[in-house]
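*Asks:* My questions all concern the structure below.
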Amino acid sequence: MSQLGNVFTLDSNSYRHIAIILATIALGYMGGAWYMLVYPAAMLVIDILNFGFNISLLDATAMVSRGYQVSGMFNDVLFGKGLDYGFNFYNGDYTKPRDVAQIDKFMFAWDKLKLKPGMRVLDIGCGCGDWLNWLRTRGVSGVGINITMEQVRVCRGRSLDVIHGDWREMLTHMDTNGLENAFDAVTYWDSPEHFVPNHYRDDVDKSDAIYKNMFVFAQRAMKKDSECRNIFVSCLHLRKTIAEEKDMRRKFHLMKFGYLLTKFHSGLYPSASRDDLVRNASAAQCELQGRFDTTVDYYMTSKLDPTHFGRHRFKLTVKRALYMAWLMVADPCWIHRIIWYFDESWMDQFDTRDINQSAVLHYWLVFHARS
């Protein structure tokens with residue numbers, strides 16, 4: 001776990017949380033009972049503003065980064081043997097070993113992107129770098145972008161070229177950071193669901209602007225004279241909202257899942273009914289070349305091995321125990337993370353009786369960017 005570097009970090013949400021703690025201590029000077037009332041009330045106000053009025057007091061980017069930092073800290077294995085932050089491609093053969101299913105996933109993307117040795121790929125939201133590492137074995141050089149510094153350190157420990165930062169902030173100065181007109185293809189492996197803050201869920205214009213910029217960024221990153229100029233997107237989509245779910249049992253599970261996921265990782269799934277990604281790709285002059293429904297494989301990856309996504313397995317160490325205590329001070333969502341781990345809420349988004357009736361869809365989308 002030394003690859004994770006210094007995880008005892010403060011971000012903008014940490015400072016807000018510490019301020020709330022100090023304020024509630026001051027208000028509850030008469031005793032601990034007051035603190036036990038005032039602190040939950042402050043947390044409740046944050047939730048009411050977010051889920052009731054679409055006003056977020058917490059920084060969504062910091063929440064995403066902290067979520068993956070926590071995932072990394074409380075996992076003994078971060079990559080290798082087919083384990084990464086995405087699902088694997090079984091394509092109907094669920095006897096396939098996990099590492100083979102991962103290679104099959106990468107081969108699928110390789111073929112659809114029409115990559116060749118000597119090309120360059122930009123991977124946005126690169127996780128711990130399995131895709132970039134595999135591309136290297138095929139003679140393709142890659143650059144990753146990641147907002148979580150701990151994952152960046154893991155990638156650099158594997159001798160991968162990864163930039164720490166947010167592509168949304170890099171868009172305005174691509175010409176000076178070496179990202180413009182430099183690549184043959186761009187990939188987004190299960191990262192677009194983090195791009196739009198959850199409190200934008202009722203503002204289609206704001207979410208559209210981010211999704212469009214996602215493709216504008218890819219357009220500008222690719223070489224104008226490349227024979228490739230393709231984009232691969234792997235992303236969960238929202239098929240139906242909680243309000244549209246008629247089954248009360250499923251509605252409860254979706255409410256719990258949506259709440260905990262928002263607190264753990266932030267973000268918003270693009271709408272399948274509005275076809276958010278395809279519609280905004282077209283507005284950015286990127287044409288859809290192929291759509292592949294991989295929902296069942298996404299589900300089966302966790303079904304075959306629950307530790308792949310939702311179930312964390314780790315040995316308790318002194319460092320981890322200290323980090324748990326640190327999160328209680330530095331992370332306003334620390335209790336939600338505990339519930340998420342013990343409840344293993346990840347699978348709540350799927351209807352296990354009929355996967356095709358789940359609230360989510362998972363698509364692989366392939367686009368070609370017109371030059």
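Read-outs throughout are calculated quantities, based only on the coordinates presented, and are distinct from any laboratory measurement. Everything numeric in this text was worked out from a predicted model, so none of it was measured. Here the Cβ positions follow ideal geometry from the backbone for every residue, glycine too, while neighbour counts run over all protein chains shown.
*Asks:* Given the options HIS164, HIS199, HIS173, state which has the largest fluctuation in a GNM of the chain using a 10 Å cut-off (strictly under) for Cα springs.
*Replies:* HIS173
*Asks:* For the range 50-84 and the range 268-308, compute the distance between their C-alpha centroids and round to whole Å.
*Replies:* Between the Cα centre of the range 50-84 and that of the range 268-308, the gap is 20 Å.
*Asks:* Could you tell me which of GLY118, HIS173, SER191 has its Cα farthest along the dipole of the range 115-246 towards the positive end, charges placed at Cβ (Lys, Arg +1; Asp, Glu -1), taken about the Cα centre?
*Replies:* Looking along the dipole axis, the top candidate is GLY118.
*Asks:* For the chain, what does the relative contact order come out to in percent, with C-alpha contacts under 8 Å and a separation of six or more?
*Replies:* 21 percent
*Asks:* Still on this structure: Sort all Cα-Cα distances of the range 61-194 into consecutive 10 angstrom bins from zero, then give the percent of pairs in each bin up to the one containing the longest distance.
*Replies:* All Cα pairs considered, the percentages come to 12, 42, 36, 10, 1.
*Asks:* Please list log₁₀ I(q)/I(0) at q = 0.19 Å⁻¹ for the range 266-345, using the Debye equation with identical point scatterers on the alpha-carbon positions.
*Replies:* With no solvent term, the Cα-only Debye profile gives -0.97.
*Asks:* Among the lysines, select those whose C-alpha is under 27 Å from the C-alpha of LYS319, and discard any that sit fewer than 8 residues away in the same chain.
*Replies:* Cα-Cα hits under 27 Å: LYS81, LYS263.
*Asks:* Please name whichever of LEU49, SER358, ALA109 sits farthest to the positive end of the charge dipole of the chain, dipole taken about the Cα centre and charges placed at Cβ: Lys and Arg +1, Asp and Glu -1.
*Replies:* Going by the charge dipole, the pick is ALA109.
*Asks:* What does the charge dipole of the chain about its Cα centre add up to, to the nearest 20 debye, if the Cβ of each Lys and Arg holds +1 and the Cβ of each Asp and Glu holds -1?
*Replies:* That gives the chain a dipole magnitude of about 500 debye.
*Asks:* Given contacts defined as C-alpha pairs under 8 Å and at least six residues apart, what's the relative contact order of the range 216-322, whole-number percent?
*Replies:* 20 percent
*Asks:* Give the cross-link partners of LYS96 among the aspartates and glutamates, using a straight C-alpha distance below 14 Å as the criterion and excluding same-chain residues fewer than 8 apart.
*Replies:* Cross-link targets: ASP104, ASP297, ASP305.
*Asks:* Give the cross-link partners of LYS256 among the lysines, using a straight C-alpha distance below 28 Å as the criterion and excluding same-chain residues fewer than 8 apart.
*Replies:* Once the sequence-local lysines are set aside, what remains near LYS256 is LYS206, LYS240, LYS246, LYS303, LYS315.
*Asks:* What's the ranking of 238-244, 81-87 by average number of surrounding C-beta atoms within 10 Å, highest first?
*Replies:* Ranking the peptides 238-244, 81-87 by packing returns 81-87, 238-244.
*Asks:* Here's a follow-up. Expressed in whole Å with the largest first, what are the equivalent ellipsoid semi-axes of the range 316-371 derived from the C-alpha gyration tensor as the square root of 5 times each eigenvalue?
*Replies:* Over the Cα atoms of the range 316-371, the ellipsoid semi-axes are 35, 21, 10 Å.
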